[in-house]
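The values are calculated or read from the model by the stated rules, or taken from the named source; none is laboratory data. Since the model is a prediction, treat every value here as computed from it, not as a measurement. Cβ placement follows ideal geometry from the backbone for every residue including glycine, while neighbour counts extend to all protein chains displayed. Calculation scope for accessible area: heavy atoms of the full protein, side chains included, ligands and nucleic acids excluded. Shrake-Rupley method; radii C 1.70, N 1.55, O 1.52, S 1.80 Å.
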Amino acid sequence: MKFFIDTANIEEIKQALSWGVLDGVTTNPSLIAKEEKPFNEVVQEICKCVPGPVSLETVATTTEQMIIDGKELAKIADNVVVKLPTCLEALQATKVLAKDGIRVNMTLCFSPLQGLLAAKAGAAYISPFVGRLDDIGQNGMELISQLTQIYENYGFETEVLVASIRNPIHVLEAALMGADVATIPFRVMEQFIKHPLTDRGIETFLNDSKKVPAA
Ligand code: G3P
């Protein structure tokens, strides 16, 4: 399972990279806006320091503009993945970009049939938003189960990239369901490396090691 970090903050990205388990980055317009810096400045720095895929989103609303923007975004660096919303206009754009060898991450996916269409269009990744479904009283992880099943049934290569993750349980369930990728906010990543029993165990071993007589 691949771990991406869901942020445009370079300090968070560098710290997660230093842990040695980070495979890529996802951004969106809201995350970029939080950085209060010009788009190009933010994304160029991210693409430079991350060896894996970096998803950059367009806010175009027509197929033509999505294709133009997608091609421009792909020029920024070899590791750019173009993020397009899972809507009708983006299906054709995904097909065209994929044909040109540009990887597309179809985002804002909230139903299994949207995911089936994304795979048929040739998306490299589908991003189902589990947290936002939970927020409206629907079961976000059920969507992951359905998507992994559908892709397996037909041998689609589109990777299920679990997004809108709010807590470690989302990551655990995604792993149990065999999702390809989880894109995780920094605070959630920090949460699941920690366990109080691990901390207590380290302390006990350290104290006990001091009681071992010197040779
Ligand atoms: O990057 C897209 C997605 O992960 C956003 O999550 O928390 O805004 O629903 P959230």
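Approximating the spin labels as points 7 Å out from Cα along Cα→Cβ, the SER18-to-ASN40 distance works out to 3.1 nm.
From the square roots a ≥ b ≥ c of the eigenvalues of the alpha-carbon gyration tensor of the range 2-209, which class results: rounded (a/c under 1.5), prolate (a/b over b/c), or oblate? Oblate. For the pair the range 12-59 and the range 139-205, the centres of their Cα atoms are 20 angstrom apart.
When the charge dipole of the chain is built from unit charges on Cβ atoms (+1 for Lys and Arg, -1 for Asp and Glu) and taken about the Cα centre, the candidate among GLN114, ASN167, ASN28 whose Cα reaches farthest toward its positive end is ASN167. With contacts taken as Cα pairs under 8 Å at a separation of at least 6 residues, the range 2-209 carries a relative contact order of 16 percent. Remark: spin-label model distance CYS87-LEU176 equals 3.6 nm, labels positioned 7 Å along the Cα→Cβ axis. In the chain, helical runs assigned H by DSSP with n ≥ 4 each contribute -39500 (n - 2.57); averaged across all residues and rounded to the nearest 500, the mean residue ellipticity at 222 nm is -16000 deg cm²/dmol.
The chymotrypsin sites (Phe, Trp or Tyr not before Pro) found in the range 116-215 include none that occupy coil by DSSP while having at most 15 further C-beta atoms within 10 Å. Full extension of the chain segment joining SER111 with PHE186 gains 24.4 nm, where the gain is 0.36 nm per residue of separation less the Cα-Cα distance. 3J(HN,Hα) along the range 26-33, derived from phi through the Karplus expression 6.51 cos²θ - 1.76 cosθ + 1.60 where θ = phi - 60°, amounts to 10, 10, 8, x, 5, 5, 5, 4 Hz, with x in place of Gly and Pro. Taking trypsin sites (Lys or Arg not before Pro) across the range 172-213, the ones in a DSSP loop with at most 13 further Cβ atoms lying within 10 angstrom of their Cβ are LYS194, LYS210, LYS211. Basic side chains Lys and Arg get +1 at the Cβ, acidic Asp and Glu get -1 at the Cβ, and with that the dipole of the chain about its Cα centre reaches some 260 debye. Full extension of the chain between LEU206 and LYS48 yields a length gain of 52.9 nm, computed as 0.36 nm times the residue separation minus the alpha carbon distance. Ligands, DNA and RNA aside, ASP208 has an accessible area near 70 Å² when probed at 1.4 Å. Annotation for the range 1-73: chymotrypsin sites (Phe, Trp or Tyr not before Pro) lying in DSSP loop with at most 14 further Cβ atoms inside 10 Å of their Cβ are TRP19.
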